[in-house]
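First up is the structure itself, then whatever we jot down about it.
The values are calculated or read from the model by the stated rules, or taken from the named source; none is laboratory data. The shown structure was predicted, so the numbers you read here are calculated from the model rather than taken from an experiment. So basically every Cβ, Gly included, is an ideal-geometry build from the backbone, and we count neighbours across all protein chains shown.
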Amino acid sequence: MIDLVNISLQFNGKYLFKDVNYKIASGDKISLVGANGTGKSSLLKIINGSLQPESGEVLKQKRISIGYLPQEHVTHSGNSLLDEASSALSDIVELTNKEKEITNALNAPELSDEEKMDLVHQLGEVHHILEGMDSYSVQSKVEKILIGLGFEESDFSRLTDEFSGGWQMRIALAKILISQNDILLLDEPTNHLDIDSLEWLISFLKTYKGGLLIVSHDKNFVNQVTNRTLEIFLGKFFTFKGDYDAYLRYKTERDELAVQQFEQQQNKIKETERFIERFRYKATKARQVQSRIKQLEKIELVELPETNSKINIKFPQPTLSGRTPIKLNRIFKSYGDKKVFEAVDFEIERGEKIAFVGPNGAGKSTLAKIIAGVIDYNSGERIIGHNTIISYYAQDVADNLDPELEIIETVDGIAEEKTLGQLRSLLGSFLFTGDDVFKKVGVLSGGEKSRVALCKILLTKSNFIILDEPTNHLDYNSKLILQKALVDFNGTLILVSHDIDFLRPIVTKVVDIRKGNLKTYLGGIDYFMEKREHAAFDRDDTVKTKKDKNELSVTNRKDQKRIEAELRQQKHQATKDIVKEISKIESLIETYENKIKELERKLADPVIYSKGETAKETTKYFNQTKSDLEFAMKKWEELNEKLIKIESQFT
């Protein structure tokens with residue numbers, strides 16, 4: 001499908017990769033990995049054609065379609081969300097417009113029979129092509145993809161100009177998924193997703209028939225959607241058959257072997273140098289000395305892999321807070337007419353490590369900011385516990401860094417007990433190496449500022465830390481270092497994050513926030529995900545049900561099973577009528593779809609156009625059946641939404 005032949009690329013006089021070759025076959029699911037700065041994003045651009053390599057060529061199969069999602073800087077304007085998403089189906093849009101033109105032309109009274117026959121024949125051809133593209137169900141597919149990525153039906157008519165940067169990236173991702181490409185090139189596609197939309201994307205990509213080439217530091221994500229790994233390492237390409245976990249095991253073994261080979265080579269070099277130094281001026285050893293010198297000149301040095309695994313950063317020992325660091329009573333918060341929280345009660349115990357999860361826009365960041373004291377609330381009470389010292393991180397907090405300070409000065413001011421070497425090690429683990437540490441904060445990118453702000457958090461003596469999406473600009477090693485530090489942290493922690501693998505060893509409690517309602521799970525992220533798999537979450541509201549009340553009184557497994565059996569019976573009684581109605585609608589949809597196929601076959605037969613009235617009636621019947629099908633599909637979707645809402649009362 002795609003063949004990279006002797007590709008080379010330089011940056012600032014240094015080769016990122018040179019004379020590399022690689023084939024991407026149809027249906028390959030590939031994770032592209034490598035340290036930051038090795039050229040992963042550049043390689044995606046080369047394949048997409050938006051960047052030219054210094055040498056070599058990219059051979060592509062004829063008529064191949066490629067969907068490319070960059071990391072950032074994507075904007076849309078001038079269209080409604082639904083129109084913008086639908087524009088990705090350029091072929092179908094063009095044919096649908098042609099269908100309308102032909103239908104309008106057929107209604108012209110002055111047409112001759114011959115002209116009518118010609119137009120009907122054209123209409124039949126258009127219908128045949130559209131059927132092959134499955135165009136009659138495509139609109140519902142567009143809507144399902146938008147909803148899967150976190151948009152609501154009320155968003156469909158909104159102008160794309162109204163959406164923020166993260167939602168702009170979701171629009172771009174939606175268009176790529178809608179457009180049915182042969183291969184998708186995705187550069188950090190999970191950065192702007194929440195857990196709901198991330199799980200939906202994983203499910204979508206698992207069944208995607210085209211090829212995938214993905215750059216992502218979300219280990220859980222790439223483990224589930226890829227089965228091959230392509231690594232850029234020391235300017236070369238290395239391929240590995242297996243998921244990301246398997247690749248990491250292989251990489252660990254390879255790196256350990258490289259270290260052993262490096263040490264052996266260094267010992268041999270030192271031994272040779274000692275021999276040369278010892279016998280340099282002995283005439284009887286002159287030939288041997290010259291031979292050893294030539295050996296040294298020819299040695300191809302073993303390069304050590306880049307690794308931060310030995311860096312172990314720990315938070316300074318914080319002072320102990322009270323048993324309840326913070327408590328919220330009857331909190332009400334709104335932005336203008338938009339109500340976010342109403343009468344919310346929330347209490348945190350010392351030492352808890354809590355994950356805030358839920359769809360974007362549900363109030364996760366707002367609640368985190370209220371707890372941190374960053375924003376005000378309309379009414380209610382925020383009670384700070386004894387000796388509670390809060391540090392808060394979010395990407396916009398990075399904008400408050402002093403632009404005139406160097407990076408090293410920024411972190412040095414809050415870490416008097418750390419040596420310069422220790423500070424440089426910490427900054428190195430967050431991708432600031434060499435002279436980078438002397439850059440002024442004012443010249444840094446948004447992602448770089450975020451990493452500096454995270455370094456500051458790691459050096460604070462706070463006993464209550466709140467981190468809002470801290471992993472978006474971190475590579476795998478940096479995330480691992482932060483993760484280890486948070487595991488060891490003995491204070492109280494709130495994490496707003498969609499990165500399941502990052503959360504896994506850290507959190508002990510999960511709070512699911514949906515439309516201002518809080519539901520607490522007394523367990524880690526895996527416990528939450530397990531419960532979530534067996535429950536149909538309502539995207540619009542969290543309804544208190546009989547099960548919620550009964551859960552508090554369950555004392556043993558027998559009682560739990562009894563309650564679950566009762567709930568199943570209640571659920572059956574509550575849903576049986578709507579399930580029957582859905583079943584009838586599905587049978588009706590099948591009937592309409594069969595009728596449409598039959599009518600299309602008739603309209604594709606030139607014989608029918610010898611009888612003008614028959615062709616006209618058949619076309620009219622065809623259009624009416626299409627309209628009936630669309631109405632039935634809409635009714636089916638409404639009933640299913642209603643069913644989900646009813647079922648959510650029994651989760």
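Things to note:
- Wholly enclosed strands (runs of 3 or more DSSP E) of the stretch 1-78 bearing at least 3 residues β-branched (V, I, T): 2-11
- Pairs, first under 19 Å from K515 (Cα atoms) and touching a residue at least 40 places away in the same chain (Cβ under 8 Å) in the stretch 141-158, second assigned to a helix (DSSP H, G or I) and of a type in the set (S, T, N, Q), C-beta under 6 Å, six or more apart: L149/S197; G150/S197
- In the set K576, K620, K580, only one residue is within 12 Å of V120 (Cβ to Cβ), surrounded by fewer than 12 Cβ atoms within 10 Å (Cβ to Cβ) and free of Cβ contacts under 8 Å to residues at least 12 places away in the same chain; that residue is K620.
- When the stretch 224-260 is limited to residues that are at pLDDT 85 or above and basic (K, R), the one that is nearest to Y476 (Cα to Cα) turns out to be R249.
- The number of residues in the stretch 110-143 that are modelled with pLDDT of 75 or more, over 12 Å from A604 (Cβ atoms) and of a type in the set (A, V, I, L, M, F, W, C) comes to 4.
- Of the candidates L205, L257, the single residue that is touching a strand residue (DSSP E or B) at 6+ places or on another chain (Cβ under 8 Å) and not assigned by TED's automatic domain parsing to the domain that holds N472 is L205.
- Meets criteria (over 28 Å from the mean Cα position of the chain (by Cα) and either within 29 Å of N220 (Cα to Cα) or surrounded by 13 or more Cβ atoms within 10 Å (Cβ to Cβ) (or both)) for V33: no
- Flag set for R382, criterion: part of a strand (DSSP E or B) and either touching a strand residue (DSSP E or B) at 6+ places or on another chain (Cβ under 9 Å) or under 21 Å from R451 (Cα atoms) (or both).
- Number of the condition not met by V215 [criteria: (1) among the β-branched types (V, I, T); (2) over 19 Å from G39 (Cβ atoms); (3) surrounded by 19 or more Cβ atoms within 10 Å (Cβ to Cβ)]: (2)
- Selection of strands (runs of 3 or more DSSP E) fully inside the stretch 233-350 by the criterion of at least 1 residues being in contact with a Pro (Cβ under 7 Å, 6 or more places away or on another chain) returns 338-348.
- Note on the stretch 139-154: among residues that are in contact with a helix residue (DSSP H, G or I) (Cβ under 7 Å, 6 or more places away or on another chain) and among the small types (G, A, S), the one that is farthest from E637 (Cα to Cα) is G150.
- Taking the stretch 438-478 as the range and being part of a loop (DSSP other than H, G, I, E, B), under 23 Å from the mean Cα position of the chain (by Cα) and modelled with pLDDT under 85 as the test, the residues that pass are S445, N472, H473, L474, D475.
- Residue among I195, I171, I183 that is in contact with a strand residue (DSSP E or B) (Cβ under 6 Å, 6 or more places away or on another chain), in the same structural domain as S65 (by TED's automatic domain parsing), under 28 Å from D396 (Cβ atoms) and β-branched (V, I, T): I195
- Applying the set (1) within 21 Å of G447 (Cβ to Cβ); (2) out of contact with any helix residue (DSSP H, G or I) (no Cβ under 6 Å at 6 or more places or on another chain) to H192 leaves exactly one unmet item: (2).
- Where L81 falls short, out of the listed (1) surrounded by 19 or more Cβ atoms within 10 Å (Cβ to Cβ); (2) under 22 Å from the mean Cα position of the chain (by Cα); (3) in the same structural domain as A172 (by TED's automatic domain parsing): (3)
- Inside the stretch 221-232, residues that are of a type in the set (S, T, N, Q) and surrounded by fewer than 22 Cβ atoms within 10 Å (Cβ to Cβ) make up a count of 3.
- Selection within the stretch 176-198: residues that are closer than 24 Å to L230 by Cα and assigned to a helix (DSSP H, G or I). The member of this set that is nearest to the chain's Cα centre (by Cα) is L198.
- Test: residue in the stretch 47-54 that is among the polar types (S, T, N, Q) and buried (at least 19 other Cβ atoms within 10 Å of the Cβ): no
- In the condition set (1) among the aliphatic types (A, V, I, L, M); (2) modelled with pLDDT of 85 or more; (3) in contact with a strand residue (DSSP E or B) (Cβ under 7 Å, 6 or more places away or on another chain), I408 is compliant with all but (3).
- Residues considered: D19, D3. Of these, the only one that is acidic (D, E) and under 13 Å from G235 (Cβ atoms) is D19.
- All of T252, T272 fail the test of being outside the structural domain of S65 (by TED's automatic domain parsing), among the hydroxyl-bearing types (S, T, Y) and closer than 26 Å to V487 by Cα, apart from T252.
- Where K515 falls short, out of the listed (1) at pLDDT below 90; (2) buried (at least 22 other Cβ atoms within 10 Å of the Cβ): (2)
- Number of the exception - S425 against (1) touching a residue at least 60 places away in the same chain (Cβ under 8 Å); (2) more than 31 Å from the chain's Cα centre (by Cα): (2)
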